[in-house]
Amino acid sequence: MRKRLTIVYTGNGKGKTTVALGLMFRAKGHDFRCGVLQFIKKNPEKWGEYKMAKSLNIPWENYGCGFTWKMKNPEPTIKEVKTGWCRAREWIESGQFDLIVLDEFTYPLVEKWLELDEVVAYLQALPPDAPHIVITGRNAPDGLLDAADSAARIQNIQHHFEKQKIRAQKGIEF
Ligand code: ATP
Ligand code: MG
């Protein structure tokens, strides 16, 4: 019997987005209607995961300005993520999706650009036939982890950049 799930992948290690998209790949194999809403990051056109999603007709939209808000005015990013959250609710309520990935969704919560209590209450109130929701990003707030059906923290044991200063590799990082 199907049980709707909220799943969170957090932590500082490499693999959160990879795991979320691996899960989506598995679901897609069962013809689940999948979609990706990616927060904070922008211009995904050259990334392997985006190109692969497009080739599988998986909708993918970005709501962010890159990590520029760390340096200057966060207002444009705040506007983007609020629009992204509206879009998420629209997708969820549309009946057109079985699984939705909210990539880098923890940042807007950590920065308090979206209200954690509101997001958690919304996720907890979803009906059984709503889509599975997979959330990624560092520093997931405790309230989100508590509300999740499944939550995991990914930790590096080695990372090629730390160990050997090997920069982002095609097919591995993007
Ligand atoms: P991925 O997209 O590879 O699954 P992720 O979603 O877990 O990674 P993000 O926070 O989105 O991680 O970060 C993107 C990239 O940061 C990763 O591809 C990873 O290789 C890189 N990264 C992770 N840990 C380190 C580190 N210690 N030093 C440098 N880069 C790192
Ligand atoms: Mg990621």
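For residue 68, the solvent-accessible surface with a 1.4 Å probe is about 50 Å², rounded to the nearest 10.
Here the gap between residue 124 and residue 139, fully extended at 0.36 nm per residue and compared with their Cα-Cα distance, gives a gain of 3.4 nm. In the context of the full set of protein chains, the chain has a per residue accessible area of 58 Å² (1.4 Å probe).
Backbone N atoms of the range 154-174 closer than 13 Å to the 7 Å Cα→Cβ label point of residue 55 belong to residues 171. Of all the options 126, 37, 21, the one that moves most in a Gaussian network model of the chain with Cα springs shorter than 10 angstrom is 126. Proximity of backbone amide H atoms, modeled 1.01 Å from N, is registered between residue 98 and 33, 34 at under 5 Å, excluding neighbours fewer than 5 places apart on the same chain. The calculated FRET efficiency for residue 68 paired with residue 14, based on their beta-carbon distance and R0 = 25 Å, is about 0.65. Across the range 6-164, Cα pairs under 8 Å and at least six residues apart give a relative contact order of 39 percent.
The convex hull drawn around the Cα atoms of the chain, when projected onto a plane and averaged over every direction, covers 10.4 nm². Accessible surface of residue 54, taken over heavy atoms with a 1.4 Å probe and every protein chain present, rounds to 90 Å².
What you get for the range 6-164, charging only the Cβ of Lys and Arg (+1) and of Asp and Glu (-1), is a dipole of about 780 debye around the Cα centre.
The values are calculated or read from the model by the stated rules, or taken from the named source; none is laboratory data. Keep in mind that what you see is a predicted model, and the values were worked out from it rather than measured. When we count neighbours, we look across all protein chains shown, and the Cβ atoms used for this are built from the backbone with ideal geometry, even at glycine. To get the accessible areas, we keep the full protein, side chains included, count just its heavy atoms, and leave off ligands, DNA and RNA. Shrake-Rupley method; radii C 1.70, N 1.55, O 1.52, S 1.80 Å.
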